[in-house]
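Written below as structure tokens is the structure these notes are about.
The values are calculated or read from the model by the stated rules, or taken from the named source; none is laboratory data. Model, not experiment: these values are computed from the prediction. Cβ sites come from the backbone with ideal geometry, for glycine too, and all protein chains shown count toward neighbours. The area values use the complete protein model at the heavy-atom level, side chains included, leaving out ligands, DNA and RNA. Shrake-Rupley method; radii C 1.70, N 1.55, O 1.52, S 1.80 Å.
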Amino acid sequence: MIQGEVIRVSGPVVHAGGLRGSKMYDVVMVGEEALTGEVIRLDQDVAIIQVYEDTTGLGTGEVVENTGEPLRVELGPGLLTSIYDGVQRPLPLLAEQSGDFISRGLRVPGIDHSRRWEFEPVAREGDAVGPGDVLGTVREYHLEHRILVPPGVSGTLESVSDGSLTVDDVVARLDGERPIPMVQAWPVRKGRPYARKLDPSLPLVTGQRIFDSLFPIAKGGTAMIPGGFGTGKTVSEQTLARWADAHVVVYIGCGERGNEMTDVLSEFPELVDPRTGNPLIERTIMIANTSNMPVAAREASIYTGITMAEYYRDQGYDVALLADSTSRWGEALREVSGRLEEMPGEEGYPAYLAARLAAFYERAGRTACLGAGDRAGSVTVVGAVSPPGGDFSEPITQNTLRIVGTFWALDTNLAYRRHFPSVSWIKSHSLYLDSLKDWYSASVAPDWVALRDRTMYLLQKEAELQEVVQLVGPDALPEGEKAVLEVTRMLREDFLQQSAYSLVDGFCPLEKQYLMLKAILAYYDAAVATMGRGVALRQVLALPEKNEIARMKEQYDAPRIRDLIESIGVSARALEAER
Amino acid sequence: MRPLFTKEYRTVSYVSGPLIYVERPRRISYGEVASITLPDGEERTGQVLDISREVAVVQVYEGTNRVDDRDTRVRFTGEPQRLDVSIEMLGRVFDGLGRPRDTRPPIVPEERPDINGMPINPFARDKPADFVQTGVSAIDGLNTLVRGQKLPIFSGAGLPANRLAAQITRQSRVREEEGNFAVVFAAMGITWQEASFFTQEFEETGALERVIFFLNLADDPTIERIATPRCALTAAEHLAYAHDLHVLVIMTDMTNYCEALREISTAREEVPGRRGYPGYMYTDLSSLYERAGRIKGRNGSITQIPILTMPDDDITHPVPDLTGYITEGQIVLSRDLFRRGIDPPIDVLPSLSRLMSLGIGPGKTREDHRNVSDQVYASYAYGRDLRRLVAIVGEEALTELDRAYLAFADRFEGGFVSQRNEDRSIEETLGIAWELLSSLPVHELKRISPELIDRYHPTHGKEES
């Protein structure tokens, strides 16, 4: 083991002398309190280290030990329902050791090593197995947790265990290889291997109308949610964590508020997954590195999270990774870069910011897994971005925008008038529309694409008309355009607005989304058609169906909306007949 | 182990702004407190910001005026900065570094915690859930304050943020409980007059013996402001967690704090972030704001009301911007409303309380609270939009309905937001809101469920009976 001593301390950055032979990203133990750190630069025999804990009290001359290992996380059953800090230390264990406040130099295992799991073997003695092959399974809450042959290991099975085991117990022995325990360690900065990437052709259904119907995201896709403060980034991320149709959700609170994590912690055990009926917490892994916890651990937290996500992906599951907020991660990079006295790029961010962001988002994807059988898994990444001053031209927003497939732009003005989710339909986009078209046509309705395109057209039209109204007032518009304004108001208020806190409307199934949209557009069509035959807009607006449309989200189910669509047609014909 | 005797250094080699560089330090630790003796015998306090084998960088709280590079002596104490805390601090006045500023003797400490505190384990946090009635309609009704929240006031130069803070302090109460509260007041670079306004205010309401003051006034050393809020929060934590008090911490003015931070960063020649503020300002501010909250199994709580001045009323300026990203909402004051005599001039549209939904509803305030608040917001926002339109096309061009919205916006500002020194219960606040909403047609109240309309609407369906 290489040993050296502290020669300089500057915030989270420590210089240590006498560490020649260290590798980049080796984990080191710094000082008498053995604070964990990571080598981020080598200069002669000086290693520059970012420390994951507060360095107050650390002095020159204190000892530094290089472990020779990269930063790794423990992977195995027991990850679900856990809540970790940025370097996979379970917060409940930290609380046991140091009380309500987090002190330094604590070392605790990432997963519970004493808990027993009922291991059911799948592979048999004498089987030839390779990386990714399923050795057996344990039940982790509702999930069939598959224990795989680790990457890089293959051979003939000499024995397979059975029964109640801890994660350290050997589940299988291969000829000429080390015995395989249930737990594996994996370096966080290295993506886990897979057979090949697959096209993103399935949507990640979120139950949120503006996401699913207008700007969908694919399983294995990437999305960003930028917005100034108060626009609802965190609520959006939490809504996705609740309702996204994934098997596993990894929620990373990266440099955000402590009370928000408490909110998730106290709420998720009570909320039920609408698809499985299980408590949401049982499919969730949480990483909470709040804003006042050490900066370097914040930098590590998103890698810790995505490595866990990849681990479940490799078992053949769909994983959603929600990072709130990637800006805080970028700021952590900037802070460390500044302490290293690197030449700054844009706004003080290091020149490698774009490359790091791209490399992180590229770990998302839908993949064919290693190993026998036809397993496919996915990691979908949704990152919140907090642009300073709500200005989207800043480096993190712009560099992320270049990489991600879906852009959900939050709008401060919408938030001010309490239009939530405050996703701007003018600025947002989704690059997955084409690849998801077939799925929507087959699984929701053949005219889904047409309906969506018309909705977008009307909303765009509204934006143009609003400009005219600002100049000449609404009365100057012709009736037909007034009808557009009326209908787009319905689209905004009765379709796009969706309360995350509503028990009924918090999650809106795809079929209902489709029918709601169809009802509003049916109303528009009826208005246009009857007005063409001489009926006044005023009369159309007086139809009782207009108020019914407003009640769809909270009070109507799919069959009732179907009836409503019919009655719109009937009422419109009656209006014409009156004339 | 550190030797029992401490060495004095006379190796000051470089002085710049608030920083001194001490050469050839031995066994000094990051963040420890230094005591600096000037040639004339004056003692000052500093903190180690950076150490290497060659040099230690020390920020001097009282400034480097008259520090020389020959006779100035520096002694490192080997300890982080600590504050003597005790329940006896209530009713006392301290300076920005926590030394008594009144004429009374030093306190007898019950504890000597590190002023930097430690991060609360998110797992140990308890969810804020108690509604705090401030008696201010724009806050209680639309941006409800919850115990354990951090809710800043974004003010502009000359706007009455202090009066609002004083009003909140005076009127705040949690229903069911009385008595076990305390106020910790941290002043950073405010004028003597402003400080004295608060003193008088607390004196008049008889709250003075429940208040701890930490005063760093405008003519006090700037760098001391870095320590002031930390001292205040350390005292608050002691009161909250050792004495089970509900503590309200008022910190004013955060803009001055950030300027002190910028001054040090510039002196260290760090790569500046936006507008010259350091890149780590978000992290630094969060180390203050995140000390608000509640902890499971403890009775006390810390609620923060930081006050800051938005330079040029610009909400995108780094100080309000970074604050808004950390705090759980914000109360924004508007110059436009202030000019029109609305008091307090709270602009509710950009204001927000993120924890509102935890503190309202049946059993806490009233079942219609959420709906009413959403409706008032939506209607007022629409009315405000119309004002812009009216400026161009005139009021005559509006439909009757739009004129009703326009009138709603005016009456909302005049009757709901503006209340001067009145102390309104939540029922009164919601009553006024219903009164205003009843001026709009019932079918426009889309955010309120039909049952609640039936139950609470002052006129709808009531004519017949």
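When the dipole is taken about the Cα centre of region A:2-70, and only Lys, Arg (+1) and Asp, Glu (-1) are charged at their Cβ, what size is it in debye, to the nearest 20? Don't skip to the answer; put the middle values down first.
Details: 4 positive and 12 negative charges, 60 e Å.
So the dipole magnitude of region A:2-70 works out to roughly 280 debye.
If you count only protein heavy atoms and use a 1.4 Å probe, how large is the accessible surface of B:THR399, to the nearest 10 Å²?
My reading of the accessible area for B:THR399 is about 60 Å².
How big is region A:117-182 along each principal axis, measuring the range of its Cα positions in Å and listing the largest first?
Sorted from largest, the Cα extents of region A:117-182 read 33, 18, 18 Å.
Under a 1.4 angstrom probe, counting protein chains only, how are A:VAL487, A:VAL444 ranked by accessible area, largest first?
Working: A:VAL487 0, A:VAL444 40 Å².
Most to least solvent-accessible, the answer reads A:VAL444, A:VAL487.
Can you give the FRET efficiency to the nearest 0.05 for B:SER16 and B:THR191, using r as the Cβ-Cβ distance and R₀ = 25 Å? All intermediate terms of the calculation are to be shown ahead of the outcome.
On the way: r = 28 Å, r/R0 = 1.13.
The formula returns an efficiency of 0.30 here.
Given only helices, namely DSSP H runs of n ≥ 4 each adding -39500 (n - 2.57), what is the per-residue ellipticity at 222 nm of chain B, to the nearest 500 deg cm²/dmol?
On the way: 13 runs with 135 residues, N = 465.
Roughly -8500 deg cm²/dmol at 222 nm, from the helical runs in chain B.
Given an 8 Å cut-off on Cα distances and at least 6 residues of separation, report the relative contact order of region A:15-104 as a percent. Write out the running numbers ahead of the final one.
Numbers: 134 pairs, mean separation 24.2, N = 90.
Computed value for region A:15-104: 27 percent relative contact order.
Out of A:ILE48, A:VAL27, A:PRO12, whose Cα points farthest toward the positive end of the dipole of region A:2-70 (charges: +1 Lys, Arg; -1 Asp, Glu; placed on Cβ)?
My answer, from the dipole projection, is A:ILE48.
Once you wrap a convex hull around the alpha carbon atoms of region B:366-464, what is its projected area averaged over all directions, in nm²? Numbers along the way, then the final one.
On the way: hull surface 28.2 nm².
Averaged projected area of region B:366-464's Cα convex hull equals 7.0 nm².
Please sort by residue number the trypsin sites (Lys or Arg not before Pro) in region B:146-201 whose DSSP state is loop and whose Cβ has at most 16 other Cβ atoms within 10 Å. List each step's numbers first, then the result.
Details: sites: B:ARG147, B:LYS150, B:ARG163, B:ARG170, B:ARG173, B:ARG175; in loops: B:ARG147, B:ARG175.
Within region B:146-201, the qualifying trypsin sites (Lys or Arg not before Pro) (loop, at most 16 other Cβ atoms within 10 Å) are B:ARG175.
Which trypsin sites (Lys or Arg not before Pro) in region A:91-131 sit in a loop by DSSP (not H, G, I, E or B) and have at most 15 other Cβ atoms within 10 Å of their own Cβ?
A:ARG107, A:ARG115, A:ARG116, A:ARG124
For region B:87-358, just say rounded, prolate or oblate: build the C-alpha gyration tensor, square-root its eigenvalues into a ≥ b ≥ c, call rounded for a/c under 1.5, and beyond that prolate if a/b exceeds b/c, oblate if not. Write out the running numbers ahead of the final one.
Details: a/c = 1.24, a/b = 1.04, b/c = 1.20.
Because its axes are fairly even, with a/c under 1.5, region B:87-358 counts as rounded.
Just to confirm a number: summing +1 for Lys and Arg and -1 for Asp and Glu over residues other than B:ASP312 whose beta-carbon lies under 13 angstrom from that of B:ASP312, what do you get? Before the final figure, lay out the partial values.
Numbers: positive: B:ARG275, B:ARG335; negative: B:ASP313, B:ASP314.
Once all neighbours under 13 Å are counted, the net charge is 0.
Tell me whether region A:69-221 comes out rounded, prolate or oblate; compute the Cα gyration tensor, take square roots of the eigenvalues as a ≥ b ≥ c, and use a/c under 1.5 as the rounded threshold. Present the calculation step by step, with values, prior to reporting the outcome.
Working: a/c = 1.86, a/b = 1.11, b/c = 1.68.
Judged from the Cα gyration tensor, region A:69-221 comes out oblate (a/c at least 1.5, b/c at or above a/b).
Just the C-alpha atoms of region B:16-170: what Rg/Rh do they give, with Rh taken as the Kirkwood radius?
Details: Rg = 21.2 Å, Rh = 19.6 Å.
Rounded to two decimals, Rg over Rh is 1.08.
Can you give the accessible area of A:LYS518 in Å² (nearest 10), computed on protein heavy atoms with a 1.4 Å probe?
60
In debye, nearest 20, what is the charge dipole magnitude of chain A about its Cα centre with +1 on Lys and Arg Cβ and -1 on Asp and Glu Cβ, if you could check? Could the numbers behind the result be given before it?
Details: 58 positive and 81 negative charges, 247 e Å.
Value, rounded to 20: 1180 debye.
Throw me the Rg/Rh for region B:8-79, computed over C-alpha atoms with Kirkwood Rh, two decimals. Each step should come with its number before you reach the end.
Values: Rg = 10.4 Å, Rh = 11.6 Å.
We get a ratio of 0.90 for region B:8-79.
Share of region A:2-70's accessible area from carbon and sulfur, percent, 1.4 Å?
On the way: 1140 of 2370 Å².
The computed percentage sits at 48.
Per residue of A:99-109, how many C-beta atoms from partner chains lie within 10 Å of its own C-beta, taken as a mean? Could the numbers behind the result be given before it?
Working: counts 4, 12, 9, 7, 3, 1, 0, 0, 0, 0, 0.
Neighbouring Cβ atoms belonging to other protein chains average 3 per residue here.
Considering only DSSP beta bridges where both residues belong to the protein assembly as shown, give the percentage that are antiparallel (nearest 5).
Working: 108 of 165 bridges.
Roughly 65 percent of the DSSP beta bridges within the protein assembly as shown come out antiparallel.
Where a ≥ b ≥ c are the square roots of the eigenvalues of the C-alpha gyration tensor, would you call chain A rounded, which needs a/c under 1.5, or, failing that, prolate if a/b is larger than b/c, or oblate? Spell out each step's value before the answer.
Values: a/c = 2.64, a/b = 1.71, b/c = 1.54.
Cα axes put chain A in the prolate bin.
If you take each beta carbon of peptide B:50-58 and count the beta carbons of other chains within 10 angstrom, what is the mean?
Working: counts 6, 8, 7, 8, 3, 1, 2, 1, 0.
Partner Cβ neighbours, averaged per residue: 4.
Which of the GluC sites (Glu not before Pro) found in region B:1-86 are in a DSSP loop and have at most 14 neighbouring Cβ atoms, other than their own, within 10 Å?
Hits after loop and neighbour filter: B:GLU42, B:GLU54.
For chain A, what is the calculated [θ] at 222 nm in deg cm²/dmol (nearest 500), taking -39500 (n - 2.57) for each run of four or more DSSP H residues and dividing by its residue count?
Values: 15 runs with 193 residues, N = 579.
So the helix-based figure for chain A works out to -10500 deg cm²/dmol.
Partner chain Cβ atoms within 10 Å, averaged over the residues of A:284-291 - can you pull that number for me? Could the numbers behind the result be given before it?
Details: counts 0, 0, 2, 0, 4, 2, 8, 10.
Mean inter-chain Cβ contacts per residue within 10 Å come to 3.
If I take every Cα pair under 8 Å that is 6 or more residues apart in chain B, average their sequence separation and divide by the length, what percent do I get for the relative contact order?
Details: 956 pairs, mean separation 74.6, N = 465.
Value for chain B: 16 percent.
Would you compute the Debye intensity of region B:174-329 from its alpha-carbon atoms alone, equal scatterers and no solvent, and pass along log10 I(q)/I(0) at q = 0.09, 0.13, 0.17 Å⁻¹ to two decimals?
For region B:174-329, the Cα-only Debye profile gives -0.31, -0.63, -1.03.
Just to be sure I understand: if you take the accessible area of chain A alone plus chain B alone and subtract the pair, with a 1.4 Å probe, what total do you get in Å², rounded to 100? Mind showing how you got there, number by number?
Values: alone 23700 and 20560 Å², together 37990 Å².
Chains A and B together bury approximately 6300 Å².
Please compute the volume of the convex hull spanned by the alpha-carbon atoms of the protein assembly as shown and report it per residue in Å³. The partial results should precede the final answer.
Details: hull volume 184.9 nm³, N = 1044.
For the protein assembly as shown, the hull spanned by Cα atoms encloses 177 Å³ per residue.
Please compute, for the alpha-carbon atoms of region A:154-195, the extent along each of the three principal axes and give them in descending order in Å.
Principal extents (Cα only, largest first): 32, 23, 17 Å.
Write down the radius of gyration of chain B and its Dmax, each obtained from C-alpha positions, in Å.
25.3, 92
Could you give the size of the charge dipole of the protein assembly as shown about its Cα centre, using +1 on the Cβ of each K and R and -1 on the Cβ of each D and E, expressed in debye and rounded to the nearest 20? Mind showing how you got there, number by number?
Numbers: 113 positive and 152 negative charges, 181 e Å.
In total the dipole reaches around 880 debye.
To one decimal place, what Kirkwood hydrodynamic radius in Å is obtained for region A:1-132 from all pairs of distinct Cα atoms?
Details: mean 1/r = 0.0595 Å⁻¹.
Roughly 16.8 Å, rounded to one decimal.
Mind checking which of B:TYR289, B:LEU322, B:CYS258 is farthest towards the positive end of region B:257-333's charge dipole, using Cβ charges of +1 (Lys, Arg) and -1 (Asp, Glu) about the Cα centre?
Checking the options against the dipole of region B:257-333, the answer is B:TYR289.
What are the extents of the Cα atoms of region A:453-579 along their three principal axes, listed from largest to smallest and rounded to whole Å?
So the extents along the principal axes, rounded to whole Å, are 41, 37, 23.
Net charge within 12 Å of B:ARG268 by Cβ-Cβ distance, Lys/Arg positive one each and Asp/Glu negative one each, not counting B:ARG268 itself?
Values: positive: A:ARG339, B:ARG262; negative: A:GLU341, B:ASP50, B:GLU263, B:GLU269, B:GLU270.
So the surrounding residues net to -3.
Which of the residue pairs A:LYS437/A:LYS553; B:LYS150/B:LYS364; B:LYS127/B:LYS150; A:LYS482/B:LYS446; A:LYS437/A:LYS546 have a Cα-Cα distance greater than 23 Å in the structure shown?
Working: A:LYS437/A:LYS553 25 Å; B:LYS150/B:LYS364 19 Å; B:LYS127/B:LYS150 13 Å; A:LYS482/B:LYS446 21 Å; A:LYS437/A:LYS546 30 Å.
Flagged as over cut-off: A:LYS437/A:LYS553; A:LYS437/A:LYS546.
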